[in-house]
Amino acid sequence: MRLDKFLQVSRLVKRRTIANTLCSRGAVRVNGHIAKAGKMLAIGDVIRLPKAEPIPPVTGKGHPDGEETVEPEYEVLELPSGNVSRARATTLYRKISP
């Protein structure tokens, strides 16, 4: 399954066009590498998405305002063949970090 389609089906991203935009900007990483929207995913791949969630500073390091951003990581557990229900969408991945 394509990366952009998985992000939309799993509801990690609201719309597929948003997923395409994030990928074209180089903001999405799969297994530590910048990924294009057409990247074919496999079970066990780790996806890192951009997300600006402030966390407390660590000994003064981080952004000028004193906060760092957290980029959540998700492990792909299942690749569906089509669209899935909202309840089932959360079973397609597992959140690894914050």
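Restricting attention to segment 3-24, and to residues there that are surrounded by fewer than 18 Cβ atoms within 10 Å (Cβ to Cβ) and charged (D, E, K, R), which single residue is nearest to the chain's Cα centre (by Cα)? That would be 11. For residues that are free of Cβ contacts under 8 Å to residues at least 40 places away in the same chain and not in a loop (DSSP other than H, G, I, E, B), scanning just segment 30-52, find the one that is nearest to residue 97 (Cα to Cα). That would be 48. Look at segment 1-27: where a residue is acidic (Asp, Glu) and a partner is not in a helix (DSSP H, G or I), sitting 6+ places away or on another chain with Cβ atoms under 7 Å, you get 4/37. Within segment 72-90, the set of residues being at pLDDT below 95, among the β-branched types (Val, Ile, Thr) and touching a Leu at 6+ places or on another chain (Cβ under 8 Å) comprises 84 only.
The values are calculated or read from the model by the stated rules, or taken from the named source; none is laboratory data. Owing to the predicted nature of the structure, the values given are computational and were not obtained by experimental measurement. Every residue, glycine among them, receives a Cβ derived from its backbone with ideal geometry; neighbour counts consider all protein chains shown.
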